[in-house]
Amino acid sequence: MLFLLSLPLLACGQKHDYVWMFGYNSNATSNYPGVEGVILNYNETPFSVDYIQTVTNITVSNATIADTFGNLLFYTNGCQIANRFHEIMENGDSLNFGAVFNERCNENAFGYPAGPQSCLILSVPGNNNNYLVFHDKIEYVYEPEFDVITLHLLFTRVNVLIDRVIEKNIPIVQDTISAGQLTAVKHSNGLNWWVIVPQYLSNKYYYFELTENGIENLSEQQIGNPTIKQGEGGGQAVFSPDGTKYIRYTPADGLFIFDFNRNTGQLSNFRFIAIDDGAFTGGVAVSPNSRYLYVCSEDFVYQFDLQAEDIEASRVTVAEYDGYQSPFPTKFFNAQLAPDCKIYINSFATVDVLHVIHNPDEPGLACNFEQHAVQLPFNHARSLPHFPNYRLGPLVEGEDPPPPCEPVVSTEEEVPPVRQQAYVFPNPAPGYFKVVFEQALRRPGRVVLYNGLGQAALETQLEAGSREFRIELSGVAPGLYFYGVFRDGEVVKGGKLVVSR
């Protein structure tokens, strides 16, 4: 059977990354009313996938935060901040206000286009009620030619006790900086944060410390190779879970690996690895044990051993895109280590699946890469919330850092079959509704629609071999019904369904 490893650190909280938010309003793929929000909840084992109507379109600019116990607090798309009730927080509108905001943050657009890792949420040390949202502001430049560049790093302060934004759009770095690749790691004291921001088209890095007093010690350092324009917006930056390495990757720039000093915030020991496979976009993640680096390079995923004497020579291809489309190509883009110690990977295209590395601490193909492993109820627009390692403690000489996540492991006993989830939408149903399973049915199922008297108003068989079914309602009168989705004689999903016309 499945059981959770007992980890005292996680039992005490710090579950800020236990809820992931996605979602945007896509009439092309669904008739679900409003913004089609998707929630991944790691407070359950295995994690749950659900959907909800939200008020913010989330695309590449995406940050979510939960409290220390894993309860959703708020999230942002770079335009607005939505609270745990999925409403715009008081004073939570008009982040990054300006020309781009006016064009891309209206009800007909899909969120701020500053790129992956352009938003980051950190709690203020010593104050669990105050959080800072760091966010990139982009501007249009018309000379010598039209361009979109990131000109400012700003912060916005949220007080969750009163559910209100108390100050916003406060400048930190006023210089051209990289599109996204905004990340952070715990200071060696285990309380403060180091935040690092690459400069645009250079080898300069801005870094500063977030303390109980706010933002302090803004500094800069030049090290390594400069980046090039073709790499902007197409990659990802990450710290290893133990905080000893800082890594950047874009297909145009290649792979940058640095050592990191958690005492001083300084980078050192730069290493460069060229990855020339024709990719346009990509991302990186590091295994929970901080040994294995995974590079997502559009059609391929590579594993590198960070403990190898020759890191470049340790490269192993652990995945090659299999051609799957849902509805667009599900190639490999950004990656994120999750609380269950698996790495989840999205796609640059608008699709309804995620890829998973099930055992990232294992070498080579033993990492167990599964393509399109997680079925989402709706498409998501190349969105993936970015989380640093909130559970990294103080640096203690001679001691290993605490684990960054909580793996689910199995005993040698036979694992019982997991009842896969089903999703029913749109609701209200305009003459039809869909039933979508996480995986194709191995045996037939059925859907029954009941009226208020408990009588079957409609019953439809679901054939084995498919995971998506469209149920026509031409003979069903408008009104409120109850539905049941059955597989192997058990109810997989049940609820209310409004039939409209």
I'd like the residue in region 417-454 that is more than 33 Å from the chain's Cα centre (by Cα) and closer than 11 Å to residue 484 by Cα and, out of all such residues, is modelled with the lowest pLDDT. 450
Mind checking which residues of region 117-141 are surrounded by fewer than 24 Cβ atoms within 10 Å (Cβ to Cβ), over 17 Å from residue 177 (Cα atoms) and β-branched (Val, Ile, Thr)? 124
Would you pick out the residues in region 486-501 that are modelled with pLDDT under 85 and surrounded by 14 or more Cβ atoms within 10 Å (Cβ to Cβ)? 486, 487, 492, 493, 494
Hey, residue 170 hits all of (1) in contact (Cβ under 8 Å) with a residue 24 or more places away in the chain; (2) within 30 Å of residue 68 (Cα to Cα); (3) surrounded by fewer than 20 Cβ atoms within 10 Å (Cβ to Cβ) but one; which does it fall short on? (1)
Filter pass, residue 148 being assigned by TED's automatic domain parsing to the domain that holds residue 24, in a strand (DSSP E or B) and under 29 Å from residue 283 (Cβ atoms): yes
Name the single residue that is surrounded by the most Cβ atoms within 10 Å (Cβ to Cβ) among those in region 77-94 being touching a strand residue (DSSP E or B) at 6+ places or on another chain (Cβ under 6 Å) and under 13 Å from residue 168 (Cα atoms). 78
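Identify, please: which residue in region 280-303 is of a type in the set (D, E, K, R) and within 13 Å of residue 348 (Cα to Cα) and is, among those, nearest to the chain's Cα centre (by Cα)?
To start, the set of residues in region 280-303 that are of a type in the set (D, E, K, R) comprises 291, 298-299.
Then drop every residue that is not within 13 Å of residue 348 (Cα to Cα), which leaves 298-299.
Values: 298: 17, 299: 20 Å.
Restricting to residues being of a type in the set (D, E, K, R) and within 13 Å of residue 348 (Cα to Cα), the top hit is 298.
Which is charged (D, E, K, R), surrounded by fewer than 24 Cβ atoms within 10 Å (Cβ to Cβ) and closer than 28 Å to residue 439 by Cβ, of 298, 309?
Being charged (D, E, K, R), surrounded by fewer than 24 Cβ atoms within 10 Å (Cβ to Cβ) and closer than 28 Å to residue 439 by Cβ holds for just one of 298, 309, which is 298.
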Qualifying residues in region 52-67 (those that are assigned to a loop (DSSP other than H, G, I, E, B) and not polar (S, T, N, Q)) - the one surrounded by the most Cβ atoms within 10 Å (Cβ to Cβ): 58
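If you take the residues of region 253-279 that are of a type in the set (Gly, Ala, Ser) and modelled with pLDDT under 95, which of them is nearest to the chain's Cα centre (by Cα)? Show your work before the answer.
In the first step, residues of region 253-279 are kept if they are of a type in the set (Gly, Ala, Ser); the result is 254, 265, 268, 274, 278-279.
If we keep only those that are modelled with pLDDT under 95 as well, we get 278-279.
Values: 278: 25, 279: 21 Å.
Among those residues, the one meeting the criterion is 279.
The values are calculated or read from the model by the stated rules, or taken from the named source; none is laboratory data. Every value quoted in this text rests on a predicted model; they were computed, and no experiment measured them. Methodologically, a virtual Cβ is constructed for each residue, glycine included, from the backbone with ideal geometry; neighbour enumeration extends over all protein chains shown.
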